[in-house]
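**Student:** Here's a structure for you.
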Amino acid sequence: MKRFILAFIAAYVFLFFWGWLLNGIVLKDIYAETPNLWRPQSEMMSLFHWIIIGQALIVFAFVMIYASGFAGGGVMAGIRLGVLLEIAAIGMRMGFYAVQPFPGKLIVYGSISGLIEMIIVGAIVGAIYKPASARTP
Amino acid sequence: MNWNKFFTAFIGAFIFLFVFGFLWYGTLMRGAHEEVPALFRTKPDFAWLILGHIVMAFFFTMLCIRFVPAGGVFGSAKLGILVGLVYAGPHLISFAVEPLTTKILGGWIVGAVIQFAIAGGIVGAIYKPSSPPTSRR
């Protein structure tokens with residue numbers, strides 16, 4: 001349980017700062033091209049807790065999947081899980097692009113950064129979380 | 001890996017994901033989506049929609065087989081619920097930054113969990129390896 005919580009916290013901290021760096025700074029100009037698709041800044045700030053809850057849910061479910069089916073495989077198993085989940089998510093992103101008028105480059109940059117993000121999340125979780133049997137001599 | 005069964009499971013998952021998506025998001029939630037017309041294309045781009053579902057189904061099937069190598073409806077459905085939760089996280093984040101309604105948010109989250117739980121059950125029911133697995137990773 002302790003390892004689960006540690007893995008969750010470490011991966012969450014990374015995800016939070018990665019999200020801020022990517023969406024708040026790197027992709028800022030691309031978001032500005034389509035202001036009609038986004039809430040005004042003040043409204044986003046008033047709903048910021050949903051971003052925190054959403055990121056926590058992503059990390060919690062990721063660690064749960066890792067702990068139930070991949071644990072013991074270490075960093076490589078975590079990375080493999082991250083890659084599989086993210087490529088499936090890229091498919092979902094294509095589906096959103098089909099129905100929502102997002103700029104294509106936002107989907108491309110979001111998918112590339114999402115892949116890097118989930119590889120790192122997987123590596124963090126795989127490095128920290130160890131099943132009880134693997135730790136007991 | 002039994003590639004014939006993998007391919008059958010992938011086709012089953014793809015058909016289900018696509019049909020469920022059409023019924024849930026395209027039909028049942030149509031009214032909710034029409035409340036915010038600026039956020040949606042007037043006509044979906046079907047090429048991207050189909051390609052997205054193919055990618056999603058292929059890598060979700062791969063994930064199920066890695067996670068539950070012995071197959072089985074319940075194990076794969078449990079994974080599907082967790083995957084649905086991983087993808088519900090970005091919906092919460094989208095709600096904070098896009099002018100989506102709570103009705104859309106709720107529909108997307110519930111839809112994702114049900115969709116992947118059933119898709120997981122389908123993959124688990126179809127994919128059964130010919131020889132017992134020696135490792136889960």
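Read-outs: derived from the displayed coordinates by stated rules, not from any lab. As the structure is a prediction and not an experimental result, all values here were calculated from the model. Every residue, glycine as well, gets a Cβ built from its backbone with ideal geometry; the counts of neighbours run over all protein chains shown.
**Student:** Hey, got the Cα dimensions of the stretch B:1-60 along the principal axes, in Å, largest first?
**Tutor:** That gives 46, 19, 14 Å along the principal axes, largest extent first.
**Student:** I need the phi-derived Karplus couplings for the stretch A:105-121: 6.51 cos²θ - 1.76 cosθ + 1.60, θ = phi - 60°, integer Hz, Gly and Pro marked x.
**Tutor:** Karplus values, whole Hz, x for Gly and Pro: 5, 5, 5, 5, 5, x, 6, 5, 5, x, 5, 4, 4, 6, 5, 5, 4.
**Student:** What whole-number value in cubic angstrom gives the convex hull volume per residue for the C-alpha atoms of the stretch B:3-126? Present the calculation step by step, with values, prior to reporting the outcome.
**Tutor:** Working: hull volume 11.7 nm³, N = 124.
Residue-normalised Cα hull volume stands at 95 Å³.
**Student:** Efficiency by 1/(1 + (r/R0)^6): what FRET value for residue A:27 and residue B:81, r their Cβ-Cβ distance, R0 = 22 Å, to the nearest 0.05?
**Tutor:** 0.10
**Student:** Stretched out fully, how many nm does the piece from residue B:125 to residue B:19 gain, at 0.36 nm a residue minus the Cα gap?
**Tutor:** Between residue B:125 and residue B:19, full extension yields 36.3 nm more.
**Student:** Under the Karplus relation 6.51 cos²θ - 1.76 cosθ + 1.60, θ = phi - 60°, what is the ordered set of whole-Hz ³J(HN,Hα) values for the stretch A:57-63, x standing for Gly and Pro?
**Tutor:** Result, rounded to whole Hz: 5, 4, 5, 4, 5, 4, 5.
**Student:** To continue, here is another question. Can you find, among A:22, A:59, A:34, the residue sitting farthest towards the positive end of the charge dipole of the stretch A:2-132, where Lys and Arg contribute +1 and Asp and Glu -1 at Cβ?
**Tutor:** Of the options given, the answer is A:59.
**Student:** Tell me, B:1, A:94, B:56 in order of fewest to most beta-carbon neighbours within 10 Å?
**Tutor:** Least to most surrounded, the residues fall as B:1, A:94, B:56.
**Student:** I've got another one for you. Charges only on Cβ, +1 for Lys and Arg, -1 for Asp and Glu: so what's the dipole of chain B about the Cα centre, in debye to the nearest 20?
**Tutor:** Details: 10 positive and 4 negative charges, 106 e Å.
Rounded to the nearest 20 debye, it is 500 debye.
**Student:** To the nearest whole percent, what portion of all C-alpha pairs in the stretch A:2-132 is separated by more than 20 angstrom?
**Tutor:** Numbers: 4154 of 8515 pairs.
Every Cα pair in the stretch A:2-132 considered, those over 20 Å come to 49 percent.
**Student:** For the protein assembly as shown, report the translational diffusion coefficient in µm²/s to the nearest whole number, using Stokes-Einstein at 25 °C, 0.890 mPa s, and a Kirkwood Rh over Cα pairs. Could the numbers behind the result be given before it?
**Tutor:** Values: Rh = 19.1 Å.
Estimated via Stokes-Einstein, D reaches 128 µm²/s.
**Student:** Right, something else. What is the distance in Å between the Cα centres of the stretch A:32-71 and the stretch B:69-122?
**Tutor:** The stretch A:32-71 and the stretch B:69-122 have Cα centres spaced 14 Å from each other.
**Student:** Is there a pair in A:130/B:78; B:78/B:103; B:103/B:128; A:28/B:78; A:105/B:128; B:43/B:128 whose C-alpha atoms are over 28 Å apart, and which pairs would that be?
**Tutor:** Numbers: A:130/B:78 21 Å; B:78/B:103 26 Å; B:103/B:128 39 Å; A:28/B:78 37 Å; A:105/B:128 40 Å; B:43/B:128 39 Å.
Table pairs above 28 Å Cα-Cα are B:103/B:128; A:28/B:78; A:105/B:128; B:43/B:128.
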